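In what follows, a single structure is set out as structure tokens and then discussed.
The values are calculated or read from the model by the stated rules, or taken from the named source; none is laboratory data. None of the values given here were measured: they were computed from a predicted structure. Counting neighbours? That spans all protein chains shown, and the Cβs are built from the backbone with ideal geometry, glycine included. The accessibility values were calculated without ligands, DNA or RNA, using every heavy atom of the protein model including side chains. Shrake-Rupley method; radii C 1.70, N 1.55, O 1.52, S 1.80 Å.
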Amino acid sequence: MECTRRDAIACLGALGTATAIGAGAFAGTGPERKKDIAGRAAGPAPGNHVPVALPFGPGQLKGISEKLIVSHHDNNYVGAVKSLNKVEQELTKTAADTAPFIVFGLRERELTYTNSIILHEHYFGNLGGDGQVAGEIRRGLDEAFGGLARWEQSFRAIGASLAGGSGWVVLDMNNHTGDLRMYWSSHHTQSVVFGTPLLVMDMYEHAYQMDYGADAARYVDAFFANINWERVNSRYESALKALQHSPA
Ligand SMILES: [Fe+2]
């Protein structure tokens, strides 16, 4: 069955290839989410977030050392989980007379750590593969960006623009327009407000400095060699399916 980008949603339904929406659909490492009584995904109680393990053997990545990826996971990602738990515990103590600047600071940190967790889980979740693009996402990238090579050039260019600093490169499903887009983010709180991350590249220096010093370009090469396109494709198919139920 031939599918164009325009009718990709219908095609996915016909092909029956879309993965389930909800549990694990957007989580990079696919942790099983609890369900509420209506069967919807339900997160942990405030202050009770639990980090998920790396979804691959830490020594199996090509060009990204075990020492670096373990440090990244255990310090930066797990640190964000611990910090979010503390912030949420503090938020439970706020009351009507809590000073606005206290609320401001806690809510800013809540958003920062929440996004850091989401982005890191997607980042680790889209590593551990062989770097070979496959599935419907290949067609989607080709049609949305004028060819796979053109898409990769643009994605790498965003990474290069962040080299030496900090930020994220995110291939997103823009759920407002229904299009694939790439977004630049210099910190954790600049993600597009109504997007679904499909492929996430961490450009904070902690993601490469230990292995490559300031040579971010070689890290980006290693990132591409380790992309788990099967996971990215699964996210893409789930995002297309979700567009069918989008209220926007
Ligand atoms: Fe990171």
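Condition test on ARG235, is it surrounded by fewer than 18 Cβ atoms within 10 Å (Cβ to Cβ) and not polar (S, T, N, Q)? Even if it seems obvious, please write down each step before you answer.
Details: surrounded by fewer than 18 Cβ atoms within 10 Å (Cβ to Cβ): no; not polar (S, T, N, Q): yes.
Answer is no for this residue.
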### Message
Of the residues ARG156, ARG150, ARG109, only one is touching a residue at least 40 places away in the same chain (Cβ under 8 Å) and open to solvent by 60 Å² or more (accessible area, probe 1.4 Å); which?
### Response
ARG156
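Limited to the range 79-96, what total is found for residues that are open to solvent by less than 30 Å² (accessible area, probe 1.4 Å) and free of Cβ contacts under 8 Å to residues at least 40 places away in the same chain?
Taking the range 79-96 as the starting set, the residues that turn out to be open to solvent by less than 30 Å² (accessible area, probe 1.4 Å) are 79-81, 84-85, 87-88, 91.
Of the ones still in play, those that are also free of Cβ contacts under 8 Å to residues at least 40 places away in the same chain are 79, 81, 84-85, 87.
Going through the range 79-96 one residue at a time, the tally reaches 5.
Given the criterion closer than 30 Å to ASN75 by Cβ and surrounded by 20 or more Cβ atoms within 10 Å (Cβ to Cβ), identify the matching residue among SER185, SER161, SER166. Working first, answer last.
Numbers: SER161 fails: surrounded by 20 or more Cβ atoms within 10 Å (Cβ to Cβ); SER166 fails: surrounded by 20 or more Cβ atoms within 10 Å (Cβ to Cβ).
SER185 is the lone residue from the list that is closer than 30 Å to ASN75 by Cβ and surrounded by 20 or more Cβ atoms within 10 Å (Cβ to Cβ).
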#### Entry: Elements of type helices (runs of 4 or more DSSP H) contained in the range 205-248, each with 2 or more residues being closer than 26 Å to SER161 by Cα and over 21 Å from the mean Cα position of the chain (by Cα)
209-212
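Working only within the range 21-73, note down all residues that are among the β-branched types (Val, Ile, Thr) and either over 14 Å from ASN126 (Cβ atoms) or modelled with pLDDT of 90 or more (or both). So that I can check it myself, show each step before the final result.
Just the residues of the range 21-73 that are among the β-branched types (Val, Ile, Thr), to begin with: 21, 29, 37, 50, 52, 64, 69-70.
Once the filter is applied, which keeps residues that are among the β-branched types (Val, Ile, Thr) and either over 14 Å from ASN126 (Cβ atoms) or modelled with pLDDT of 90 or more (or both), the range 21-73 yields ILE21, ILE37, VAL50, VAL52, ILE64, ILE69, VAL70.
Determine, yes or no, whether ASP211 is within 16 Å of HIS120 (Cβ to Cβ) and within 16 Å of the ligand (Cβ to nearest atom).
Details: within 16 Å of HIS120 (Cβ to Cβ): no; within 16 Å of the ligand (Cβ to nearest atom): yes.
So ASP211 does not fit the description; no.
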### Task
Would you be able to say whether some residue in the range 127-135 is open to solvent by 30 Å² or more (accessible area, probe 1.4 Å), in contact (Cβ under 8 Å) with a residue 12 or more places away in the chain, within 13 Å of the ligand (Cβ to nearest atom) and over 18 Å from PHE56 (Cβ atoms)?
no
